[in-house]
Amino acid sequence: MADLAANAPRFLADAQAIAAQVPDGAFVALPPDYSLVAAEVVRALVRRRARGLRLLGVPVLGYGADLLIGAGCVESVETSAVSLGEAGPAPRFTEAVESGALRVVDSTCPMVHTGLQATEKGVPFMPLRGVIGSDLVTERSDWKVIQNPLTSEPDPIVLAAAIEPDIALFHARWADRSGNVWIGRRRELATIAHASRRTYVTYEELRDGDMLEDELLAPGVLSSVYVTAAAPAARGAWPLGVVDLYAIDDAHLAHYGRVARTREGFERYLEEFVWRSTRERNSSPAPSHA
Amino acid sequence: MAEYAREELLACTVARLIGEAAHVAVGAASPIPATACALLLAQGRPLRVSLLHKRAGNPFTEGSRELFDLAGQGRIDVFFLGAAQIDGRANVNLVRAGGRRFPGSFGSAFMYFAARRTILFREEHSPRVLVPKVDFVSAPGVSAAGVWRRGGPQALLTGMALFRWQAERTRFRLESAHPGHDSAEIRARTGFDYDLAEPLASTPTPSAGELALLRGPVAREIAGNYPEFARRVWGRVAPV
């Protein structure tokens, strides 16, 4: 991967242009389903037939990852879990792991956060309590149990190696003309942006002015220093949600959870909601997912 | 006696297990623990409830790591864990068994240590869930001497029975059978060994007062975050 983001923000045309910036084989950090997934970019990655992606769940994965896995875009996932929440198990993930087609690097939520926080600080590892005695420790060669060096009492403690994603990818409510993006309280998005070499963001709306000069907006802003490029994508999280704008489409996720249990059902789903919507976009200026 | 749904019995039982806690955290896909917390709040209990997956008005402003940081600081009294497999040493497996893949460990490998008490909850009570030994330890029920651990298992609640964890014996004790289930059936459906309380009690059923709260303010509260669950248990309810 190239260098960290420069100071001049770049605006790209749309989600497809962002998908073109994600090379095959990249290590891509994604948020959970409840936290601003760039679903329109996920669909564009399927359309550009991305291959060999290594996904990092921060700290878990859901619909977006399952779509990429089912479409053959993914080589491995490092995550604490993959699930559709109330809509049940992630069907393409489950099938891919059980058939041996997908490698899973199993983690536990705070170890993902801790590994990213180490990268935020530029240190090689960071300790966390708990975890010792879990079989995860024996599977993870990048986790080490050491004696707490600050005490003479026996006190084993686990270290998380710094996690450095190539790319952070997520959706945001707003971008401004300075290239700042507003993520609100979803601060895990800031963590993955801080820790990743490049950060690509789709946004609902472009705001005039500089959000960092607004005291009420500024605490929810991710500064443009971390943003490699941003692109507009209205309803870009659908079928997932953006709080106060549109809710998670539970009925759609339940539908996906049912039909994607079979390979044939998943292919029909892709045809209807990923491939066909491109053709509609190409023949109409106003795409709709309704 | 009032008619009640099995989910209502389980929620009332969880509410009793929570007891005098000050701060309860509820993780992913846990509608029954969330219902129990909403019931305690509706009863006017001074309880802080942090719902990890609350869609609007989520309690965390530092992102999803804040729950784990709170637990690490000792600010979470009660947490809940479900699992694909649970064994008689209270180990939990959320990863894989017998060629089958499950979603993954979530925060279990940390929260089981850091929360003061963990209530294990799994509706399916069968030999494939309650096993002699888990195939994969996502999080251990017991830690070796010298390993930091603030808390551990308190109880195991299933759709059939309630087991108490006995820390000094590192074994479960069958505390009560839910109405309609008996000691022999529970023994036959449990893959691990456990101690018995004689005579075996029956799990208390929901009171009329509890049911009125569950079907009123609690149902409306739960419908906002767990719409499918609320529809299944209470039919159509308008969320608050």
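The values are calculated or read from the model by the stated rules, or taken from the named source; none is laboratory data. None of these values were measured; they are calculated from a predicted model. Ideal geometry is used to build each Cβ from the backbone, glycine not excepted, and the neighbour counts take in all protein chains shown. To get the accessible areas, we keep the full protein, side chains included, count just its heavy atoms, and leave off ligands, DNA and RNA. Shrake-Rupley method; radii C 1.70, N 1.55, O 1.52, S 1.80 Å.
Annotations
- Residues whose amide H comes within less than 5 Å of that of A:I248, counting only those at least five positions distant or on another chain, are A:G241 (H built at 1.01 Å from N in the peptide plane).
- Size of electric dipole in the range A:1-95: Cβ of Lys, Arg +1 and of Asp, Glu -1, about Cα centre, debye, nearest 20: 320
- Carbon-plus-sulfur accessible fraction, the range A:145-263 (probe radius 1.4 Å, protein heavy atoms only): 52%.
- Packing order of peptides A:25-37, B:141-153, A:54-66, highest average first: A:54-66, A:25-37, B:141-153 (average count of other Cβ atoms within 10 Å over each peptide's residues).
- Loop-resident sites, the range B:164-240, for trypsin sites (Lys or Arg not before Pro), counting at most 10 other Cβ within 10 Å (DSSP): B:R169, B:R236
- Pair-distance distribution of the protein assembly as shown: all C-alpha pairs, bin width 20 Å, starting at 0; shares per bin in whole percent are 22, 55, 22, 1.
- Overall dimensions of the range B:84-221, expressed as equivalent-ellipsoid semi-axes from the Cα gyration tensor (√(5λ), whole Å, largest first), are 26, 19, 17.
- Separation of alpha-carbon centers, the range A:20-59 and the range A:60-115, rounded to whole Å: 12
- Our summary gives the range B:6-234 a relative contact order of 20 percent, counting only alpha carbon pairs under 8 angstrom and 6 or more residues apart.
- Number of partner chain Cβ atoms within 10 Å, mean per residue of B:144-157: 2
- Helical content alone sets the calculated 222 nm signal of chain B at -8000 deg cm²/dmol, taking -39,500 (n - 2.57) per DSSP H segment of four or more residues and averaging over every residue.
- Hull-based mean projected area of the range B:1-93, where the convex hull spans the alpha carbons, in square nanometres: 8.0
- For chain A, the square roots a ≥ b ≥ c of the C-alpha gyration tensor eigenvalues yield an a/c of 1.5 or more together with a/b not exceeding b/c, which makes the shape oblate.
- Estimated FRET transfer efficiency when R0 is 35 angstrom, pair B:R231-A:E153 (beta carbons, to 0.05): 0.10
- Across chain A, the relative contact order, built from alpha-carbon pairs under 8 Å that are at least six residues apart, equals 22 percent.
- Segment B:S202-B:V142, extension gain: residue separation times 0.36 nm, minus the distance between their alpha carbons: 18.8 nm
- Judged by the gyration tensor of its Cα atoms, with axes a ≥ b ≥ c, chain B is oblate; a/c meets the 1.5 cut and b/c is at least as large as a/b.
- Protection-proxy order for peptides B:5-13, A:235-243, each taking the mean of Cβ atoms within 10 Å per residue, highest first: A:235-243, B:5-13
- To the nearest 10, the accessible area of A:S223 is 40 Å² with a 1.4 Å probe.
- Heavy-atom accessible area for B:F192, with the other protein chains in place and a 1.4 Å probe, reaches approximately 10 Å².
- A simple charge model with +1 on the Cβ of Lys and Arg, -1 on the Cβ of Asp and Glu and nothing else charged puts the dipole of the range B:6-234 at about 420 debye relative to its Cα centre.
- With Cα atoms as the point set, the radius of gyration and Dmax of the range A:149-257 evaluate to 17.9, 58 Å.
- Label-point gap, in nm, between A:E120 and A:A8 - each point 7 angstrom along Cα→Cβ: 3.0
- Computing FRET efficiency as 1/(1 + (r/R0)^6) for A:V145 and B:K54, where r is the C-beta to C-beta distance and R0 is 35 Å, gives about 0.55.
- Here A:K144 is the anchor, and the lysines within straight C-alpha reach of less than 29 Å, apart from those fewer than 8 places off in the same chain, are A:K121, B:K133.
- Separation between Cα centres of the range A:173-210 and the range A:119-172, rounded to whole Å: 27
- Interchain or long-range residues, amide H under 5 Å from A:R207's placed H: A:A175, A:D176, A:R177
- The range A:94-177: relative contact order as a whole-number percent, Cα under 8 Å and 6+ apart: 30
- With a 10 Å cut-off around each Cβ of B:109-119, the average count of Cβ atoms from other chains is 5.
- Residue-averaged beta-carbon neighbours from other chains (10 angstrom radius) around B:87-93: 1
- Of interest is the spacing of the C-alpha centroids, which for the range B:176-197 and the range A:211-259 amounts to 48 Å.
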